[in-house]
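The values are calculated or read from the model by the stated rules, or taken from the named source; none is laboratory data. What you see is a predicted model, and the numbers here were worked out from it, not measured in a lab. Virtual Cβ from ideal backbone geometry, glycine too; neighbours counted across all protein chains shown.
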């Protein structure tokens, strides 16, 4: 007997599962695009469309999105608006583990039939009120979702087949997410290390969007331990002045979201003295492997804290560098700027150099002093200074 287009027997379910699993594996190792994953799923179910996305619902942050087999206008509107008002967010967020489910079994779309999401996004797409979906836990409140949306009239047939296929490819996607998580940790650590090393003499620390402390240099660790101008409560950073802390939170929120903000420095006083806090978003590499795009590096912000109390500050006598390592006067002047806590870019500006020239000068200094990293150089300079 000839198989009908809507027959989902074991052979067909197995074939679709192999196609979707192969698309996941290919995207993981750069042999294919992540777009192929929701496309392979939706192609097998006439009248459906597929979604693959990475969403942090509590922070309202969409990190990755691919929607296939639908009008591009709906893709754009989801990324710009509907992802953030999705009524299914409550269901997904409440489940703290990886899961596969059919919407008709756990949270039918009819339960939010009066919502904007239902009327302006689901219904116009061939009345795609029903869905089968899979959640793979990423980190904390972040997760990767693979979904198949289809008309409610197809639910009786598509629910069972969709759930079965998602269960069969679940291991493939979990492995991809786990690999992406490990790669992300390495990338984020490298970004944080670079930001902190260049400011080894300033109080510098790294925070995420929820104020969570990621890393700190020695000066910042001493500052945070004293809880004088900045304090850490439950792993999150706060300025001790209430008004300044509100401005800090607002600026941090914008920087994490990539929104321009006029607030880059915040000055305030405490009973112990005066402080200036500077914030800057840490640039994230635009080029990354395919698997890393599924869980891209999370936005992080560099925070510098300057004690504004009058004090005598010097760098000691660095002229000994000339006799010890044959450094030129220009190279010694550059070292002095670094020892004052300036970054390479800031030192270049102070010395009227291009950043390229400054980095070339730094390489020459590293070679002459027998150091291989800026952190080693700073340790050497601090001992001499």
*From 128, 192, 204, residue being touching a strand residue (DSSP E or B) at 6+ places or on another chain (Cβ under 8 Å) and in a loop (DSSP other than H, G, I, E, B)*: 128
*Would you call residue 179 surrounded by fewer than 18 Cβ atoms within 10 Å (Cβ to Cβ) and either touching a helix residue (DSSP H, G or I) at 6+ places or on another chain (Cβ under 8 Å) or not in a helix (DSSP H, G or I) (or both)?*
yes
*So how many residues does the range 346-356 have that are surrounded by 13 or more Cβ atoms within 10 Å (Cβ to Cβ) and in a helix (DSSP H, G or I)?*
6
_Filtered residues of the range 88-108 (kept if over 24 Å from the mean Cα position of the chain (by Cα), without any contact (Cβ under 8 Å) to a residue 40 or more places away in the chain and surrounded by 15 or more Cβ atoms within 10 Å (Cβ to Cβ))_ = 103, 107, 108
*List the number of the failed condition for residue 366; all other conditions in (1) surrounded by fewer than 15 Cβ atoms within 10 Å (Cβ to Cβ); (2) modelled with pLDDT of 85 or more hold.*
(1)
*Meets criteria (more than 25 Å from residue 155 (Cβ to Cβ), in contact (Cβ under 8 Å) with a residue 60 or more places away in the chain and either assigned by TED's automatic domain parsing to the domain that holds residue 128 or surrounded by 21 or more Cβ atoms within 10 Å (Cβ to Cβ) (or both)) for residue 61*: yes
*Of all residues in the range 369-381, which are surrounded by 14 or more Cβ atoms within 10 Å (Cβ to Cβ) and over 30 Å from the mean Cα position of the chain (by Cα)?*
369, 371, 377, 380, 381
_Lone unmet requirement of (1) part of a helix (DSSP H, G or I); (2) touching a residue at least 40 places away in the same chain (Cβ under 8 Å); (3) surrounded by fewer than 20 Cβ atoms within 10 Å (Cβ to Cβ) for residue 184_ = (3)
*Name the residues in the range 325-335 that are assigned to a helix (DSSP H, G or I) and in contact (Cβ under 8 Å) with a residue 40 or more places away in the chain, would you?*
325, 335
*Taking residue 339 as the residue in question, decide whether it is farther than 19 Å from residue 204 by Cβ, surrounded by 14 or more Cβ atoms within 10 Å (Cβ to Cβ) and modelled with pLDDT of 80 or more.*
no
*Identify the residue in the range 146-160 that is assigned to a helix (DSSP H, G or I) and surrounded by fewer than 22 Cβ atoms within 10 Å (Cβ to Cβ) and, among all such residues, is nearest to the chain's Cα centre (by Cα).*
159
*Tally of residues being free of Cβ contacts under 8 Å to residues at least 60 places away in the same chain and under 24 Å from the mean Cα position of the chain (by Cα) across the range 204-220*: 6
_Criterion first (under 21 Å from residue 166 (Cα atoms), out of contact with any helix residue (DSSP H, G or I) (no Cβ under 9 Å at 6 or more places or on another chain), in the same structural domain as residue 158 (by TED's automatic domain parsing) and touching a residue at least 60 places away in the same chain (Cβ under 8 Å)) does residue 33 satisfy it?_
no
